[in-house]
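What follows draws every value from the coordinates through simple rules; no lab data is involved. Since we're looking at a predicted model, the values are computed, not measured. Counting neighbours? That spans all protein chains shown, and the Cβs are built from the backbone with ideal geometry, glycine included.
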Amino acid sequence: MTSTSAVPAKPPSRALGVFAWTVVGYNILVILWGAVVRTTGSGAGCGAAWPLCNGDFFPHHPRLATIIEFAHRSMSGVCTFLVLALAVWTFKATRRGDRTRRAVMASVFFLVTEALLGAALVLGGYVEHNTSTARVVMQSIHFTNTLMLLGAIGLTAWWLSSGAPGKRATRSDKTLIWPAWTALAATLVVGATGAVAALADTLFPSPSLQAALAADFAASAPLLVRMRWVHPAAAAVSLCCVLWLVMRVRSTLGRVVAGLLGLQLFLGLVDVVLLAPTWMQILHLLVADLYWIALVALAAELIWPESNRMQATLCQ
């Protein structure tokens, strides 16, 4: 009699994969609108109330900042239902022990922590023109959690689109596990420091590039401004870590990661030269999100390879 474990798992339906990627795309829109909230100083648009907006379920006669903040909260609410629906559908379409289940449960976990951190920002007053050290810390933690949420949802969609899980990694594949983890960790640091740099650009805009560079190292400049250099420094370290990884990988996904990394570095330079206008910050963030999803997918295939066939194409 054939054991249950020997029976290959039925691949998830195409519709589930499409829905998963739709959830990923919608989550990116929520993140980008969150950047609009920050750049327009609309974080307190609903007052010191959460989840209600100025004490109401639906704001009456709202000002522009209220509309922007309420739109973000509404989009986040829809995202909650989408992630929960994805979790239920994934559990119904996969078998016990499927790695996709772990990814979608991680999505639910980071969704909850995302909501709690968002509430903490509002209720703690870490919005609008608040320049305290506590806001810097909260902003970094919040964006790191945002990346973890996006990565978990992206990984769920990636695995749902890749079919059923296969064999575990062989000994030779394990040489790439630490480079993969290092690239992920370094990129998370870039994201956290990037959130701080973007906040500094929003709260303390510079009249010129020369003035901006001078302020970065001026003793009299606000702490947020003097911390901006940490982001490009972290980006340089992350560049080395990711290149270390992709140079040892031969796959289309590896080339996509390298291409998005190059584009992201270019947009970062343009963002600095143009003094970080809102549209440029959003474009920079969009590519950062796409790059992060691709990097997570690449790292996941190296850490938890789908099959020996996948290992042969990914690893030298």
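Worth a mention:
- Charge-dipole axis of the chain as Lys and Arg at +1 and Asp and Glu at -1 on Cβ define it, positive-most pick from 251, 195, 43: 251
- Scanning the chain for long hydrophobic helices, with DSSP H runs required to stretch 20 angstrom or more by C-alpha along their axis and to average at least -1.0 on the Kyte-Doolittle scale, returns 14-39, 64-93, 99-123, 133-162, 177-203, 230-246, 252-273, 278-303.
- Dividing the convex hull volume of the alpha carbon atoms of the chain by its residue count gives 134 Å³ per residue.
- Each Lys and Arg adds +1 at its Cβ and each Asp and Glu adds -1 at its Cβ; summed about the Cα centre, the chain shows a dipole of about 1300 debye.
- Qualifying trypsin sites (Lys or Arg not before Pro) in the stretch 32-83, DSSP loop, other Cβ atoms within 10 Å at most 15: 63
- Fewest-first ranking of 174, 92, using other Cβ atoms within 10 Å as the exposure measure: 92, 174
- Taking 128, 114, 69 and counting other C-beta atoms within 10 Å, the order from fewest to most: 128, 114, 69
- For the stretch 166-316, with +1 on Lys and Arg beta carbons and -1 on Asp and Glu, the positive-most of 270, 213, 231 along the dipole: 231
- Stokes-Einstein translational diffusion, the stretch 12-163 - Kirkwood Rh over all Cα pairs, 1.306 mPa s, 10 °C, in µm²/s: 98 µm²/s
- Ranked list, fewest to most other Cβ atoms within 10 Å of each Cβ, for 42, 140: 140, 42
- Dimensionless Rg/Rh of the stretch 7-93 - Kirkwood Rh, Rg from C-alpha atoms: 1.16
- Under 13 Å, Cβ to Cβ, from residue 143 - net charge with Lys/Arg +1 and Asp/Glu -1: 0
- Once the gyration tensor of the Cα atoms in the stretch 166-316 is diagonalised, the equivalent ellipsoid follows with semi-axes of 36, 14, 11 Å, ordered largest first.
- Whole-angstrom gap from the stretch 208-274 to the stretch 58-73, using each part's C-alpha centre: 34 Å
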